[in-house]
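In what follows, a structure is listed as structure tokens, so that the remarks can point back to it.
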Amino acid sequence: MATERGLVLEARDIVKRFGDREALKGVSLGASAGELVAIIGPNGAGKTTLLSILAGIQRPDGGSVSRSPSEIGWVPQQAAVYGKLTVAENLRLFARLEKCPDVEVVVDRMLDQTGLGDRRDDPVAELSGGNRQRVNIAIGLLAAPEVLLLDEPSAALDPRQRARLWEFIGALAAGGTTVIYSTHNVQEAERYAAQVVVLADGERLFAGSPRELEQTVGASDLDFEEAFVAFLRQRGH
Amino acid sequence: MRWLLLKDLQILRRSPLLVALLVLYPIVIAVLIGFAISRGPEKPRVAFLNEVPPAASELDLNGQKIDVSKYGQEIFSRIDPVYVNSEKEAVAKVKSGDVLAALIIPADLTQKLEAGTGPATVRVYYNAEDPVKAQFVQDTIKAEVQDANTALTKQFTKIALNYLDLISKGGQISIFGKTFDVLGLAKAQAIVQASQASLPANSPLKSQLGQVANFARLARDNLDLSNGVLAAVGTPIRADQKIINGGTTPLDAFAVAIAVTVSLMFVTLLLASGILALEREENAFLRLVRGLVSRTGLLAEKVGLAAICAIAVSLLMLAGITLFVSLEWGRFPLWLVALVLGGLGFGAMGVAIGGVTREVRAASLLAFMISLPMAFLALVPSGAVSSGLYNVIKVISALFPFKPTLDALNSALNKSGSIGMPLLHLAILTLAFGVIARLSLQRFA
């Protein structure tokens, strides 16, 4: 389901308040099919709040999201899996709860897609952080959503695990899945995202490609991270 | 919801140590509490010295023989006698703590009883280092001396009645080995009346003899009434016991109800609070409630799982208990109803604890900390504290599922009181704790 602008997900003027504090101040974003969108910003910018609203975990105080939460896959920052169950049992449980028509087929497909087929009978508690995160993402993909939300997917992973994770995510996007992720790692945004959304203090400061962000700063000798910091300074953050 | 239930059972199956602790600990605690309540204190060890020579142990009250040693033996049913050879040894044993008390029967006991000039005295020494045990020994010996007094009074009354009968009807009496004839009032009346009849009509002695005959008749008539009066002296006050509150549950059967309730409480509270908190610790809560299962459904699943496990443990426990205590299996449906409602009540309270604490360790700790005071408060009997404090305790107990579960199980197991009110109470508590748990989930993740 695409919007009039050809977007598979569109959020308009999202507002979220926690008491007197306004965590999101009319934030909008749009993502096309197969697009990788990175949400970046300093701590407390509202990245996780925005993702949780898109995922339907929190209700916004204002604004709208074009898709219902049931059509969106969501992968929390910390692996939401049961350590005492095996990889296959975790997938099977969530596939049944997702009411997937053929549970075993879906489980086998996800094991194949995540490359965890040889670990299917291992308890998740015995997996490495990277593999656990792959199970975490696989669960988010069980219902074959067109849009997948990832909250800090590479946090707590070593460089090798991160590389394998991004390879996997890249394959998803190449297959047509729109992936929206939040990250603290600005290089990951530059390297993998087609679109970056910069949030600071609940405001959307920028939405465009990494190159456009660098051009906005106007200093050609800066790398992306330096350009991002300079951009925030220019905007008073 | 059944998939979640199966998942939780699978997790429990893979946590054998946790399950063993969860099952064994409540059972051990429950059995210990049951023992503590059902078993009275052991017989106290009491040093015993009988200084009365064997030949003098029989009391001779004008020919009526009473074996005093027979009454002395009765006390041994309640104490564990430690025979000593002297009063000094008895006192030394009390001082050393070897015995809790010493009971000395002096040599002149039977002489004093025979003389009837005053009460005979036994000497008792106590060790009061442990006030509870000392009180128990005092009460035991007092009760036994009272029983012996009552038994002897009956014998004395019987002898007194024989004397009165002798005075009334006449007969023979032995005193110091010599037998004497006693005329008796009846014969005296007859003699006087015969003498009166033999006198001339105008004899002044005739009316005087008439007065004596009248006195003899009146005295005889009134002596007949004395039988009842003397019988009443033996036991002037008797207790006619009627139970106002509570049932007629024997202590052992009540202990069974307590043991099962304690077990049900521990298993359900710890399991329900723990498995709910585990959903948060595994970070799965938000994933689950994001359209896969409703928050209320999740709570219901946790309550149901905890209740099912606790009921299974409780039934196993009851089956084990029937090896030692007789239980009416014909009332099984009522047991089950009480266990189900009790399990749901504790389960709802457990998820409320899990929802508020949000961490498995904190949930388990809080569940444990609440459990014991909740149980002990419900077991405080009326009269143990002031009425105001007792009312406060009653109100607090009513806020938790232990008391109504105990009442329901006691009714189901022992036919004690109505089962309807406790079940209704449990249904209300289940609802109330369910609401608290549901509200706590607003901030759960």
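The table below gives the values:
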read-out: B:Leu424 versus B:Lys158: modelled label distance in nm, points set 7 Å from Cα along the beta carbon direction; value: 5.7 nm
read-out: Average beta carbon contacts from partner chains per residue of A:75-81, 10 Å cutoff; value: 4
read-out: Peptide B:3-9 - average C-beta neighbours from other chains (10 Å radius); value: 3
read-out: Percentage relative contact order, chain B, counting C-alpha pairs under 8 Å, at least six apart; value: 16 percent
read-out: Solvent-accessible surface (1.4 angstrom probe) belonging to B:Asp108, in square angstrom, nearest 10; value: 60 Å²
read-out: A:Glu226-B:Leu372 pseudo-label distance in nm [points 7 Å out on the Cα-to-Cβ vector]; value: 6.5 nm
read-out: Antiparallel bridges, percent of DSSP beta bridges restricted to the range A:68-210 (to nearest 5); value: 40 percent
read-out: Kirkwood estimate for the protein assembly as shown, i.e. one over the average of 1/r between Cα atoms, Å; value: 33.5 Å
read-out: Compactness of the range B:143-193 as Cα Rg over 2.2 N^0.38 Å, two decimals; value: 1.59
read-out: For the protein assembly as shown, share of DSSP beta bridges that run antiparallel, in % to the nearest 5; value: 55 percent
read-out: Order by protection proxy (mean Cβ within 10 Å, highest first), peptides B:134-141, A:201-208, A:17-24; value: A:201-208, B:134-141, A:17-24
read-out: Partners for B:Lys403 among lysines (Cα-Cα distance below 17 Å; same-chain residues under 8 apart left out); value: B:Lys394, B:Lys415
read-out: The range B:393-445, relative contact order in percent, only Cα pairs under 8 angstrom and at least six apart counted; value: 29 percent
read-out: Exposure ranking of B:Val313, B:Val337 by accessible area [1.4 Å probe, largest first]; value: B:Val337, B:Val313
read-out: Kirkwood-type radius of the range B:363-445, with distances r between different C-alpha atoms, in Å; value: 14.3 Å
read-out: Exposure ranking of A:His184, B:His425 by accessible area [1.4 Å probe, largest first]; value: A:His184, B:His425
read-out: Nearest-ten-degree value, helix A:224-234 long axis tilted from longest Cα axis of chain A; value: 50 degrees
read-out: Extended-chain gain in nm, criterion 0.36 nm per residue less alpha-carbon gap, B:Tyr83 and B:Tyr25; value: 16.6 nm
read-out: Peptide ranges B:297-308, B:19-30 listed from the most packed, as the mean C-beta count within 10 angstrom indicates; value: B:297-308, B:19-30
read-out: DSSP bridge pairs, chain B: antiparallel proportion in percent, nearest 5; value: 60 percent
read-out: Average Cα contact separation per residue, the range A:81-145, under 8 Å, 6 or more apart, as relative contact order %; value: 49 percent
read-out: Within 10 Å of each Cβ in B:287-294, the average number of Cβ atoms from other chains; value: 6
read-out: Kirkwood Rh in Å, taken over all unlike Cα pairs in the range A:81-145; value: 11.2 Å
read-out: Using alpha-carbon coordinates, inclination of helix B:295-321 to the longest axis of chain B, degrees; value: 40 degrees
read-out: Listed pairs B:Lys112/B:Lys178; A:Lys84/B:Lys7; B:Lys88/B:Lys112; B:Lys65/B:Lys112; B:Lys95/B:Lys142 exceeding 18 Å between Cα atoms; value: B:Lys112/B:Lys178; B:Lys88/B:Lys112; B:Lys95/B:Lys142
read-out: For chain A: rounded, prolate or oblate by the Cα gyration tensor [a/c cutoff 1.5]; value: prolate
read-out: Solvent-accessible area of B:Met369 with every protein chain in place, 1.4 Å probe, in Å² to the nearest 10; value: 110 Å²
read-out: Potential lengthening between B:Arg2 and B:Ile173 on full extension [0.36 nm per residue; Cα-Cα distance subtracted]; value: 52.2 nm
read-out: Solvent-accessible area of B:Leu399 with every protein chain in place, 1.4 Å probe, in Å² to the nearest 10; value: 100 Å²
read-out: B:Arg443 paired with B:Ile191, simple spin-label distance in nm, labels 7 Å along Cα-to-beta-carbon; value: 10.5 nm
read-out: Expected 222 nm ellipticity per residue - DSSP helices of 4 or more, -39500 (n - 2.57), all of chain B, to 500; value: -23000 deg cm²/dmol
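The values are calculated or read from the model by the stated rules, or taken from the named source; none is laboratory data. This is a predicted model, so every value here is computed, not measured. No Cβ is skipped: glycine too gets one built from the backbone with ideal geometry, and neighbour counts run over all protein chains shown. Quick note on the areas: whole protein, heavy atoms, side chains included, nothing else; ligands and nucleic acids left out. Shrake-Rupley method; radii C 1.70, N 1.55, O 1.52, S 1.80 Å.
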